[in-house]
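To start, the structure under review is shown below, and the notes come after it.
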Amino acid sequence: MVWNTNLRWRLPVTCLLLQVALVVLFGVFVRYDMDADPHWIDKKEAENSTSDLENEFYYRYPSFQDVHVMIFVGFGFLMTFLQRYGYSSVGFNFLLAAFGIQWALLMQGWFHSYYRGNIRVGVENLINADFCVGSVCVAFGAVLGKVSPVQLLIMTLFQVTLFSVNEFILLNLLEVKDAGGSMTIHTFGAYFGLTVTWILYRPGLHQSKERQSSVYHSDLFAMIGTLFLWMYWPSFNSAVSNHGDAQHRAAINTYCSLAACVLTSVALSSALHKKGKLDMVHIQNATLAGGVAVGTAAEMMLMPYGSLIVGFICGIVSTLGFAYLTPFLESRLRVQDTCGIHNLHGIPGIIGAIVGAVTASCANTDVYGVKGLTQAFGFDGFKTNRTPSMQGKFQAAGLFVSLAMALVGGIIVGIILKLPFWGQPADENCFEDAIYWEMPEEPKSTVLHPEDSTLKPSEP
Amino acid sequence: MVWNTNLRWRLPVTCLLLQVALVVLFGVFVRYDMDADPHWIDKKEAENSTSDLENEFYYRYPSFQDVHVMIFVGFGFLMTFLQRYGYSSVGFNFLLAAFGIQWALLMQGWFHSYYRGNIRVGVENLINADFCVGSVCVAFGAVLGKVSPVQLLIMTLFQVTLFSVNEFILLNLLEVKDAGGSMTIHTFGAYFGLTVTWILYRPGLHQSKERQSSVYHSDLFAMIGTLFLWMYWPSFNSAVSNHGDAQHRAAINTYCSLAACVLTSVALSSALHKKGKLDMVHIQNATLAGGVAVGTAAEMMLMPYGSLIVGFICGIVSTLGFAYLTPFLESRLRVQDTCGIHNLHGIPGIIGAIVGAVTASCANTDVYGVKGLTQAFGFDGFKTNRTPSMQGKFQAAGLFVSLAMALVGGIIVGIILKLPFWGQPADENCFEDAIYWEMPEEPKSTVLHPEDSTLKPSEP
Amino acid sequence: MVWNTNLRWRLPVTCLLLQVALVVLFGVFVRYDMDADPHWIDKKEAENSTSDLENEFYYRYPSFQDVHVMIFVGFGFLMTFLQRYGYSSVGFNFLLAAFGIQWALLMQGWFHSYYRGNIRVGVENLINADFCVGSVCVAFGAVLGKVSPVQLLIMTLFQVTLFSVNEFILLNLLEVKDAGGSMTIHTFGAYFGLTVTWILYRPGLHQSKERQSSVYHSDLFAMIGTLFLWMYWPSFNSAVSNHGDAQHRAAINTYCSLAACVLTSVALSSALHKKGKLDMVHIQNATLAGGVAVGTAAEMMLMPYGSLIVGFICGIVSTLGFAYLTPFLESRLRVQDTCGIHNLHGIPGIIGAIVGAVTASCANTDVYGVKGLTQAFGFDGFKTNRTPSMQGKFQAAGLFVSLAMALVGGIIVGIILKLPFWGQPADENCFEDAIYWEMPEEPKSTVLHPEDSTLKPSEP
């Protein structure tokens, strides 16, 4: 299986065409949201608002920046664990995310921020665009090392589109709550990516096996990604929640869940090794599963102990997944999941959707208060007649829709990516930066420290 | 001295037991603070508050995230300077901090947020939990490379407990001010850790000496830790200060002190080397001493030049400590302080406590204004009769209490950790990841870049 | 050309003298801004303000911390791409920035925050000080590897001074808008640095050529710098904009421009290589040009598509600059620009100034509203008679003033730095940490993993 990996014309043309299209579409459609428009001063006066702080910017911007770091440094560096694929991990993630956020601003804008012929963009749109791209970063983890940047751009184009449709179905038609995206981002992203990699199955991948592992320093680089994901996850799950208590609660629940998840991940990692040694793969990945799994319920009354229980379970399930499920998927189901996203985003995403459905259906006015319940779930306007138990069922329906969209979408996109002219690497050249990157020369030999050719100091 | 370092059952059982206990205790005790509860909407209406921004979340959350980064990336990477201990530095720090924040939420909650049978948790609790764990991270620096993760979890369990008691004595009984924790976090953490490492003295540690140094890239990883600590320290010292001017002032003072500290650290580092070369150890550590030493006084009227002077002195003292005091402590007092925390947290912590006591006792209404003075030191309610000079004496008393708690607690915990069944490494295996981590294979040889096995490009 | 590089007395004396001078000047001049002073409580009452959030701290502090990360981690790590110059890149950047922010607080304070004999310092001053130092970090990129830390401190001393004068001329005399500093920071910093390196031309630099390149891991470290700069650039360009919509808009425009810039940088990088491979230098640098080039116009009504166009063009121009202009500058104009700042800050800075001038001159009340236009450009008070088209001309004048200041200042400072006693390295010792840093020993050989000398586990 030999392909042409020289991307000299394909990659530039793809990038430039996409970017020109984006410029044109932005020119036609995208305008500033009222809070980012100079006319905001008139709105402020009309509303008798005395404080500039009421601008949405101040509610969301710090969370936005945290999410931004997760997408670019978090996901980018998490995938640098491979010994010879650091440039591609960080660089391709950078490329696909930079494209994806622009396309997501449009797609999500048409669905959610369309007003009088224009998309009105504000800070919440930026966060949602980053979220959407997060699901592409998840899927990237499954195909890491086996696809070309052209394939990644095409995958991003389609996945962002499907994501936005799925998100619209869930949030607007089913009216489910999914602040941290257990369903829309993680479940959808993971099963989409797994389906794509299943279609792209490479029977000869073992030829690149010696590069599909880490070296000492690449694992430390990956920990930068892990930690920035872990630390900022409370911002991720709370970034688009309702102002005030919901945002506050989402951050607390995520903080708790992630902390518990670390302890059970470490416990299982040690228990699974015959000498009790820890495995960096588990520490880098399973410790994050708790954040995925409180994505839906974080803004609900999950309670701090509920968050701990979710994190507790996910650390165990995720670590077991890395130990047993990933090898099984690869050998039996022909799913080659480079980063083990099934364990970090797939199963925990499903768990998160279920936790969300259960938590929603248990909601009542004792716990939330009358006004609190209405506000938390938006039980007013069109949703006046909805009860918590109905909400729970809709939440569950959301999970199935997400899975179905991921599978169907993944098959279609996988087939498109299987076409032989996208510049994908041969089986023996997977997980290798040198295919797509100009590499620095290896340093000649151990660098000798030249004695300083300096004069003797004349000073005392 | 040969111990069994196979942690296969000890580490998992410890982690799981602790986490189960935490789940149960959270279930019994921990609830959301009013600002994170759906009933907040009722409170808002009762108070005629029109703005969601009055939720405590918006005052503290950005600072919280900065502190969070300091604990996990800052301390974690600062300790990666050792050539073969990067996994453990980052990984064990991750583990102990994830456990510690949960336990701190409980311990500090019982002391400070207990209301009608429950602990009410909000964003300020999250910050304080991170602070508490910060003192454990400090102590970890002293024993780095010489203890097992099981020992670290046990140390964390006890240290968080003692920290909370000490903090309660200082803040609630002595009513001292210590926003940035010069006393509660740094002095306590440092002398606790030094006492523990003194009890755990290893006469045969020289057998691991060749690994107790850095390599080129490990020093760069450590600089990631240094810089995130340095940059976010203004958030650390201001995170729990009073709203408004106090928080603002604490950030400015810390910024100034840290800047000055860099210049004097560099000056001393160069002056101490016979060829005037800089030592990475000093740049990584002594540059941070200025942040420690304004911890207590940052929110007071220390004045910008006062902050510069504190930073100036601490850069010098800390660098001299690394050059002369650390070797002396090791050879004469049998205190093996891996990271030199005595120079970064111990002495600067004491300086910070003294600076705080002096600054407090000099407070007057000329500088603070009448209302300002009352608000800055809480001279109302139970403290109505307290004068600035009394406050200064109480501050000084706080330092001695912290030192006493650290020494007594350190001895007890050190003795517990000396028991031979915690999985600690032998003297010749210290500072070595391979004891507790599955290691990647070394790459075979210099990786050859295979010529791309690609077709010749058919495009022009 | 052999110089004495032993800095034992020169560096310490320089650092200590500068720091002592700063302490004295701070003592005489620097006080807290009202918002950071305990008397703020009185001001609040006088203004009937009920919310502590009206303190400027809450408007600016999150942005400040992002900018702070860009200066210290962003610029510091961006320059670690050289194989043997990581300590110096991060460490000297740390040193010069720590000195520079203090000196900038004074210089900018005298020009902008001087009130009744004192400089009043608040969070906005901290941001502006970081901005000022940003221009020094830019210039550092041109001389990287070829100067001593003493030279850097002297360059910082002069450059901060000149920056502040230039900034005063632009912002106060010409009354131009330059929120993100396309002119004041990037254009000025770049051409200043290029002029200095032109004066310091080293004909024998080829002797250090083998170290003027990257190794695999040094490029990954550099990507940490790139990404933190890229992610936080929206905060950079919006940090000192007017409250509310202007800050909001500046963040959106910068986000858009940077995203577009990534795609065109990748496109050109691939197109310029005969096998279509990407070059890390382009990905690390050209992707950031979009942030530079919307610096002036970000807070104006550039429109999202306008931002995309700016980013589109800058990615192309910057990458072409690295491929063709940098070699030309070095061989023909004797400008040795280590980091290629001409492509990242020079040309994009000029483009940014032009974009700003055009955007300003196109402003009208249709787009901004009557009040919006007045507020956006400050067309009141002394500027009542100014029209948008006049504003555009003043903007253009600001560019020329910045270029003139940079060239004249750069020549003077370059001549000062050419004096032979500053400890600069010989031509054959450039780009080498070992000249100024104590280096760790190279690890003996491939580290063998010792078999654990542990007892057989007695547990089951």
Between 0 and 90°, nearest 10: helix A:56-69 axis offset from chain A longest Cα axis: 20
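What is the average number of partner chain Cβ atoms found within 10 Å of a Cβ in C:83-93? If you can, show how the numbers build up before the last one.
On the way: counts 5, 4, 0, 5, 7, 1, 2, 8, 11, 2, 1.
Neighbouring Cβ atoms belonging to other protein chains average 4 per residue here.
Just in the range B:38-101: which GluC sites (Glu not before Pro) are loop by DSSP and have at most 12 other Cβ atoms within 10 Å?
On the way: sites: B:45, B:47, B:54, B:56; in loops: B:47.
Loop-located and lightly packed - B:47.
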The range B:338-353 - phi-based ³J(HN,Hα) in whole Hz, Karplus 6.51/-1.76/1.60, Gly and Pro as x: 3, 8, x, 5, 4, 7, 8, 10, x, 4, x, x, 5, 4, x, 5
Closest Cβ on chain A to the rotation axis that carries it onto B (distance rounded to whole Å): A:62, 3
Neighbour-limited loop hits for trypsin sites (Lys or Arg not before Pro), the range B:356-399 (at most 16 other Cβ within 10 Å; DSSP other than H, G, I, E, B): B:386
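Over chain A, what relative contact order in percent results from Cα pairs under 8 Å that are six or more residues apart?
On the way: 797 pairs, mean separation 106.9, N = 460.
Once normalised by length, the contact order is 23 percent.
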Note, ³J(HN,Hα) from phi for the range B:195-209, Karplus 6.51, -1.76, 1.60, rounded to Hz, x at Gly and Pro: 5, 4, 5, 5, 5, 8, 3, 10, x, x, 5, 4, 5, 9, 4
Sorted peptide list for A:163-176, C:291-304, criterion being average Cβ within 10 angstrom, highest first: C:291-304, A:163-176
Residue-normalised accessible area of the range B:1-61, given per residue in Å² at a 1.4 Å probe: 42
Sulfur and carbon atoms: percent of accessible area, the protein assembly as shown [1.4 Å]: 65
Ascending list, in nanometres, of distances separating the residue B:370 label from those of the other copies (7 Å, Cα toward Cβ): 4.6, 4.6
Helix C:149-168 vs. chain C, principal-axis angle (Cα, 0 to 90°, nearest 10): 20
Relative packing of peptides A:19-31, C:63-75 - highest average C-beta neighbours within 10 Å first: C:63-75, A:19-31
³J(HN,Hα) computed for each position of the range C:110-117 - Karplus, 6.51 cos²θ - 1.76 cosθ + 1.60, integer Hz, glycine/proline x: 4, 7, 10, 10, 8, 8, 6, x
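Sum -39500 (n - 2.57) across every DSSP H segment of at least 4 residues in chain C, then divide by the residue count to get the 222 nm mean residue ellipticity, nearest 500. Intermediate results must be reported in sequence, preceding the final value.
On the way: 18 runs with 268 residues, N = 460.
Calculated from helices alone, the mean residue ellipticity at 222 nm is -19000 deg cm²/dmol.
Chain pair B, A: how much accessible area is buried, both chains summed, with a 1.4 Å probe, in Å² to 100? Show your work: numbers first, answer last.
Working: alone 21390 and 21370 Å², together 34980 Å².
Interface area, both chains combined: 7800 Å², rounded to the nearest 100.
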Label geometry 7 Å along the beta-carbon vector: residue C:387 inter-copy distances in nm: 6.9, 6.9
Sequence-distant residues sharing a close amide H with residue A:121 (under 5 Å, placed H): A:31, A:32, A:33
5 angstrom amide H check on residue C:8, placed H, neighbours 5+ away: B:276
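What share of the DSSP beta bridges in the protein assembly as shown is antiparallel, in percent to the nearest 5?
Around 35 percent antiparallel, to the nearest 5.
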Rounded D (µm²/s) - chain C, Kirkwood Rh over Cα pairs, Stokes-Einstein at 4 °C, 1.567 mPa s: 56
Built amide H within the under 5 Å cut-off of residue B:144, gap 5+: B:338, B:339
Whichever lysines have a C-alpha closer than 27 Å to that of residue B:274, once near sequence neighbours (fewer than 8 apart) are set aside: A:456, B:209, C:146, C:418, C:444
Nearest 10 degrees, 0 to 90: helix A:388-418 Cα axis against chain A principal axis: 30
Whichever aspartates and glutamates have a C-alpha closer than 17 Å to that of residue C:177, once near sequence neighbours (fewer than 8 apart) are set aside: C:124, C:167, C:245, C:299, C:380
Calculated label separations, residue B:418, copies of the chain, 7 Å along the beta-carbon direction, nm: 6.8, 6.8
Equivalent ellipsoid dimensions for the range C:62-193 as semi-axes, Å, which come from the Cα gyration tensor, largest first: 25, 15, 14
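Return a whole-number percent for the relative contact order of the range C:3-110, with Cα pairs under 8 Å and 6 or more residues apart as the contact set. If you can, show how the numbers build up before the last one.
Working: 33 pairs, mean separation 26.4, N = 108.
Rounded, it is 24 percent for the range C:3-110.
Evaluate peptide C:364-374: per residue, the Cβ atoms of other protein chains within 10 Å of its Cβ; return the mean as an integer. The partial results should precede the final answer.
Details: counts 0, 1, 0, 3, 4, 6, 4, 7, 6, 1, 2.
For this peptide, the per-residue mean of nearby foreign Cβ atoms is 3.
Among the trypsin sites (Lys or Arg not before Pro) in the range C:235-278, which ones are in a DSSP loop with at most 16 other Cβ atoms within 10 Å of the Cβ? Mind listing them?
On the way: sites: C:249, C:274, C:275, C:277; in loops: C:274, C:275, C:277.
In loop regions of the range C:235-278 (DSSP not H, G, I, E or B), the sparsely surrounded trypsin sites (Lys or Arg not before Pro) are C:274, C:275.
The values are calculated or read from the model by the stated rules, or taken from the named source; none is laboratory data. From a predicted model like this one, the values you see are computed outputs, not experimental measurements. Here the Cβ is made from the backbone with ideal geometry for all residues, glycine too, and neighbour counts use every protein chain on show. Just so you know, the surface numbers come from the protein's heavy atoms only, side chains and all, with ligands and any DNA or RNA stripped out. Shrake-Rupley method; radii C 1.70, N 1.55, O 1.52, S 1.80 Å.
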